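Read the structure below first, then the notes.
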Amino acid sequence: QVQLVESGGGLVQAGGSLRLSCAASGRTFSSYAMGWFRQAPGKEREFVAAISRSGGRIYSADVVKGRFTFSRDNAKNTVYLQMNSLKPEDTAVYYCAAGARLGQSTSGYDYWGQGTQVTVSS
């Protein structure tokens with residue numbers, strides 16, 4: 001089992017920045033690929049970014065490329081999502097997830113955090 005706890009969400013104006021963190025406990029953190037997903041009201045959960053176990057491979061959704069940076073610190077059992085140039089359409093609940101394989105589908109992840117709200121005002 002892996003427990004994931006997100007933090008760092010909040011309210012920010014368009015153009016601003018936030019840094020999300022996801023702390024993991026339980027089984028060996030470095031054994032898992034990690035992902036960030038988000039879900040806006042009335043919409044399906046969508047892929048934001050994923051990072052391999054070592055951090056050597058990172059994939060990002062086109063809508064966040066150049067604005068969001070995904071990183072991990074295996075010594076701290078934590079992943080980070082640095083979000084810059086935020087837009088109102090980035091407003092959503094953001095979830096981190098852990099899985100055996102690096103991927104962009106929610107079905108590929110076995111463990112999920114509770115989510116953290118990000119609201120971007122115009």
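Over the chain, what percent of the accessible surface lies on carbon and sulfur atoms, probe 1.4 Å?
Whole-percent figure for carbon plus sulfur exposure: 45.
Which value, in Å², gives the accessible area per residue of the chain when a 1.4 Å probe is used on the protein heavy atoms?
Spelled out: the 1.4 Å probe surface of the chain, per residue, equals 51 Å².
Rank these by accessible area, largest first, 1.4 Å probe: R101, R67.
Per-residue accessible area, sorted high to low, gives R101, R67.
The values are calculated or read from the model by the stated rules, or taken from the named source; none is laboratory data. This one's a predicted model, so the numbers in the text were calculated from it and none came from an experiment. To get the accessible areas, we keep the full protein, side chains included, count just its heavy atoms, and leave off ligands, DNA and RNA. Shrake-Rupley method; radii C 1.70, N 1.55, O 1.52, S 1.80 Å.
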